[in-house]
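**Q** Would you mind keeping the following structure in view while I ask a few things?
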Amino acid sequence: MILKTLSLILYVTATIYHADPRQTNADYLTTASMQKINPSNPAGHRWIAVSRDLEPLGFTFGTKVCVTNAGEMNGVWTVQDRMNKRWTNRIDFLVNKTMTAGKWENVELTIIK
């Protein structure tokens with residue numbers, strides 16, 4: 001008997017954020033999962049923040065996800081941060097300050113098992 005594991009696929013809006021106290025909190029170099037952000041290359045971590053409504057679906061700290069339909073942001077990312085409670089069905093890519101804009105609709109998220 002062969003068992004198949006079905007992966008949850010979600011479609012979300014994706015945006016970017018910077019390690020900056022105006023976009024996070026006073027401890028802007030520490031994520032909600034208590035990971036330290038490299039201030040000279042935050043994007044090198046390939047970390048995302050997720051809206052809180054995604055957490056009960058398995059998108060929790062340390063979870064690796066495959067992102068598609070987000071252009072140059074496609075690939076494997078790790079959930080290490082949490083978005084403000086006002087956001088739903090959304091992720092934020094942690095990027096360097098040289099990237100100043102980015103928004104993608106219908107981004108596909110799949111948990112990597």
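The values are calculated or read from the model by the stated rules, or taken from the named source; none is laboratory data. This structure is a prediction, so every number in the text was calculated from the model and none was measured. Backbone-built Cβ (ideal geometry, glycine too); neighbour counts: all protein chains shown.
**Q** Please work out if Asn25 is out of contact with any Leu (no Cβ under 6 Å at 6 or more places or on another chain), more than 17 Å from Ile91 (Cα to Cα), loosely packed, with under 11 Cβ neighbours inside 10 Å and among the polar types (S, T, N, Q).
**A** yes
**Q** Return the residue satisfying two criteria in turn: it lies in segment 29-41 and is within 13 Å of Val95 (Cα to Cα) and without any contact (Cβ under 8 Å) to a residue 12 or more places away in the chain, and of such residues it is farthest from the chain's Cα centre (by Cα).
**A** Here the residue is Ser40.
**Q** Continuing with this model, one more query. Scan segment 82-99 residue by residue and report those that are of a type outside the set (Ser, Thr, Tyr) and under 12 Å from His18 (Cα atoms).
**A** Of everything in segment 82-99, those that are of a type outside the set (Ser, Thr, Tyr) and under 12 Å from His18 (Cα atoms) turn out to be Asp92, Phe93, Leu94, Val95, Asn96, Lys97, Met99.
**Q** Find the residue count for segment 64-90, including only residues that are touching a strand residue (DSSP E or B) at 6+ places or on another chain (Cβ under 8 Å) and either basic (Lys, Arg) or within 18 Å of Met34 (Cα to Cα) (or both).
**A** 9
**Q** Sticking with this structure for a sec: Any residue in segment 64-77 that is exposed (fewer than 14 other Cβ atoms within 10 Å of the Cβ) sitting within a Cβ distance under 9 Å of a residue that is at pLDDT below 95 and part of a loop (DSSP other than H, G, I, E, B)? List the pairs, counting only those 6 or more apart or interchain.
**A** The qualifying pairs are Lys64/Ile112; Lys64/Lys113; Gly71/Gly102; Glu72/Gly102; Val76/Ile112.
**Q** Here's a follow-up. Quick test for you: out of Thr110, Thr60, Thr100, Thr88, pick the one residue that is exposed (fewer than 11 other Cβ atoms within 10 Å of the Cβ), out of contact with any Phe, Trp or Tyr (no Cβ under 8 Å at 6 or more places or on another chain) and among the polar types (S, T, N, Q).
**A** Step by step, each of Thr110, Thr60, Thr100, Thr88 is checked, and only Thr100 is exposed (fewer than 11 other Cβ atoms within 10 Å of the Cβ), out of contact with any Phe, Trp or Tyr (no Cβ under 8 Å at 6 or more places or on another chain) and among the polar types (S, T, N, Q).
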